[in-house]
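What follows is a single structure, written as structure tokens, with notes after it.
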Amino acid sequence: MTLNYIFNAYWYKCRFNLIILILLNFINSMIPIVSIYLFQKLISEIMTFIQNPNSARALMVIFSLQIISNIIPFVFNHLLNINNQIIENKISLETTSLILKKVKNLDYLNFESPSFYDSFQRVSSNTNNIVESVNHLILLISHIISAISVLAYLLTINWIIVFIIALGVIPYTLMSIKFNEKNFNLINRLMPITRKEQYFVNLLINRGTLKEIMLFNAFDFLKSKWKKEFLVLSEKKLNFIKNKSKMLFSTELIILLTFSLAGLVIISDFKNSNMAADLVAAIQSIQLFQTSLNNIAKSYSDFKGTLIFIEDYMNFIRINNLANSRELTKIEKLYSLEIRNLYFKYPNNHLETLKGISFKINNGKKIAIVGDNGSGKTTLIKCITGLYLNENLPIFINGIPIKDIDIESLRERMSVLFQDFISYELTVRENIGISRIGDMDDNTKLQNVAKKVNLLEVINGLNNQFDSLLGRYFEGGNELSGGQWQKIALGRALFRESDLIILDEPTAALDPISEKEILEEILNECEKSIIIVTHRLGIASLADEILVMKNGQVVERGTHDELLSINGEYKKMYDSQAHWYSFQRGVLR
């Protein structure tokens, strides 16, 4: 199965380069035995020339052929390097594209699991193994061809030599295969530590995190945590290399001893011979045969090692998507979304994050979901949007179970702003228009959205207006304030033509006045269904219904006035936040 996958990847993506690779390696595999033959003839011609100076012409022909045989490998190796780079580019593009395609189609809940991240990082960092596997396989075949050609010559001299040399290579081969398997297991075991080490490095070099670290004088503290993980990794890798070197060195000594023994046998066979050229050729053949067998052992071991990583890659690619082969319903328009007694818990967590959530939102309805941090609001949104999916989620779209819905078509009808939104280091146009790429060049639509979120004046003040680069990661970028970035993200959510807008803490970085001005306009003028998730109550009074969440449950529901009259959780939140708004143009009523 693995070999079939590798062959198909090469044959369909770069068959011409594969043929070139095989051809060049085949020719290279024949060069050593040709060189031995020419060297033998060269010595013979030199001996003849010494005795007869008139035979110089034959000597020069053999000498010229010897030079050519030495030049050919250099030329072919350069051609192989170019060809291999072309292959690597094509195969890397294919393998990485498959990984990204898999990521797109996976249930987002996988990314909440550290063990999944270990597998994902291991696979994504070893995509070059498909290229390496074919290189090792072709080299293996080339070395076998080279070994067979020398073998045929050595068998005419003494078969015992062949037996001695072959016997000496066996321990090295077995040990190499063993340590390739150990290497994969080591990488697997160390991946959690590797991720942790890389996490601390990224903290210390990332512009977004570095400012806080420097202001808290926490750089040396985090550096020490990185160093601790780095030293653990270094020690384990070093111990592995030491152990591997010690064991392989012992097998290499065996190879050296068998070469010496074979050499003694050859010398014994030629002790009464006056043909120095034949003796030199025989010794060279022994050395070439042993080198070929060593290369066969190494190539085979390396090939087996890459197969382990490729199998790991294929297991990742074969991870089942939630959407199986059955026919799924595409959503052309979202008329209603209903949740019926939803319970949810994260993988490897025995506590329920959501407990018995139920509500329905019809076309044009506005719902506010309020509650303290950790009450389950964001988890609920991830379930609604299809990020967290399993066969048992009681979520219904237009009356159809979400498990029977084509998720991509559903997401086309939704527009979402999460509290941890992305500040893309792209242009203003791209930052807003990325939610509906087909309309990205519609300047009128961009201006209308920018006006809704009170950003048009700021954008017009930039050098290239909507084509101005944002952020400081690239040269020429314009940094925005936290509130302005949030307005950009809110504009991104509004730019998309959807039936349902979900805003998760959309105004956390805004002052109460800006919050009221922007969201009040959205709620009053927008005909779409809207879900606003917040722990701030400045705009909740404009919603058709308010759900109050606590500890993963909906503990209260109703309009703003109804919830105030209950004198429960909502009233407590209202009273605790009233002083934020009492002086601000009557934001709370």
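The values are calculated or read from the model by the stated rules, or taken from the named source; none is laboratory data. Quick caveat: nothing in here was measured; it's all calculated off a predicted structure. Cβ sites come from the backbone with ideal geometry, for glycine too, and all protein chains shown count toward neighbours. Ligands, DNA and RNA are excluded from the accessible area calculation, which covers all protein heavy atoms including side chains. Shrake-Rupley method; radii C 1.70, N 1.55, O 1.52, S 1.80 Å.
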Given R₀ = 60 Å, FRET efficiency for Y199-I68 by Cβ-Cβ distance, to 0.05? 0.60
Between L106, Y172, S124, whose Cα lies farthest towards the positive end of the dipole of the stretch 103-190 when Lys and Arg beta carbons carry +1 and Asp and Glu beta carbons carry -1, centred on the Cα centre? Y172
Just want the answer: with Cβ charges of +1 for Lys and Arg and -1 for Asp and Glu, which residue in V162, T95, V449 is farthest toward the dipole's positive end in the chain? V162
Please report how far the C-alpha centroid of the stretch 405-439 lies from that of the stretch 461-494, rounded to the nearest whole angstrom. 15 Å
For N551, distant residues with modelled amide H under 5 Å away: none
So what's the Cα pair-distance distribution over the stretch 85-164, bin width 5 Å, in %? 3, 12, 14, 14, 10, 9, 8, 7, 7, 6, 5, 3, 2, 0
Cα centre as origin, Lys/Arg/Asp/Glu Cβ charges: the chain dipole, Debye: 1360 debye
Expressed in nanometres to one decimal, the distance between label points 7 Å along Cα→Cβ at L264 and D544 is 9.7 nm
Place a label point 7 angstrom from the Cα of N77 along the Cα-to-Cβ direction, then list the residues of the stretch 39-70 whose backbone nitrogen is under 12 Å away. 70
Between I331 and residues 5 or more places away or on another chain, the pairs with built amide H atoms under 5 Å apart involve D406, S409, L410
Gain in length, L238 to A56, computed as 0.36 nm per residue apart minus the alpha-carbon separation, to one decimal in nm? 59.8 nm
The chain - accessible surface per residue (Å², probe 1.4 Å): 53 Å²
Residue-span extension gain [F26 to Q553] - 0.36 nm each, minus C-alpha spacing: 182.7 nm
Using a probe of 1.4 angstrom, how much of the accessible area of the stretch 400-470 is carbon and sulfur, in percent? 44 percent
Once phi is turned into ³J(HN,Hα) by the Karplus curve 6.51 cos²θ - 1.76 cosθ + 1.60 with θ = phi - 60°, what whole-Hz value does each residue of the stretch 544-553 show in order, with x for glycine and proline? 5, 8, 10, 9, 9, 9, 8, 6, x, 10
What FRET efficiency would be calculated for the residue pair N464, I86, taking the C-beta separation as r and a Förster radius of 41 Å, to the nearest 0.05? 0.60
Assigning unit charges at the beta carbon (Lys, Arg +1; Asp, Glu -1) and nothing else, what dipole magnitude in debye, to the nearest 20, does the stretch 438-532 show about its Cα centre? 120 debye
Per 0.36 nm of contour for each residue apart, how much would the distance between N341 and S409 grow if the chain were fully extended, relative to their Cα-Cα spacing? 22.0 nm
Measure off 7 Å from each Cα along the Cα-to-Cβ vector at E112 and I434, then give the distance between these two points in nanometres to one decimal. 2.4 nm
Filter K366/K452; K101/K366; K101/K452; K13/K244 down to the pairs with a C-alpha to C-alpha distance above 29 Å, please. K101/K366; K101/K452; K13/K244
Residues K104 and K13, FRET efficiency given R0 of 25 Å [Cβ-Cβ distance, rounded to 0.05]: 0.75
Under 11 Å from the Cβ of I91, count the other residues' Cβ atoms, weight Lys and Arg +1, Asp and Glu -1, and hand me the total. -1
Would you pull out the residues with amide H under 5 Å of E425's amide H, same chain only if 5 or more places away, H placed 1.01 Å from N? none
Rounded, prolate or oblate: which fits the stretch 291-378, taking a ≥ b ≥ c as square roots of the Cα gyration tensor eigenvalues, rounded meaning a/c under 1.5, else prolate when a/b beats b/c? prolate
